[in-house]
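Notes follow once the structure below has been shown.
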Amino acid sequence: MEEFFRQGDRERERGLEISPMCDKHSASVESSQHCPHCPQVGFIDFVAQPLWEAWAELVHPDGREMLRALRDNRDWFWRRAPHGPGPGP
């Protein structure tokens, strides 16, 4: 996470919009320090999901099962976080 935070600090210094998962002062990052499952959810949302969605379009329909498994994994991590049982944002 420190590498992400350094990136966010550089963006802040330059007056740029801070990239997802790079703002060490955001509520979601601060709460993730106390929740071992929150960084995984963020990684899936901002990195894995967009990557696999693009890949799934290339191998359609075989990519559907991969995306379903990714959503199941994300939901599994989300349910174990202290904020509640739903699938989240």
Handout entry: Computed label-point distance, nm, for sites R80 and L58 using a 7 Å Cα→Cβ extension
Key = 3.0 nm
Exercise for the section: Step through the residues of segment 64-74 one at a time and calculate ³J(HN,Hα) from phi using the Karplus curve (6.51 cos²θ - 1.76 cosθ + 1.60, θ = phi - 60°), rounding each to whole Hz and writing x for Gly and Pro. Expected result: 4, 5, 5, 5, 4, 5, 5, 4, 4, 5, 4
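Every number in this text was worked out from the coordinates using simple rules, so none of it is lab data. Keep in mind that what you see is a predicted model, and the values were worked out from it rather than measured. We place every Cβ from the backbone using ideal geometry, glycine too, and count neighbours over all the protein chains shown.
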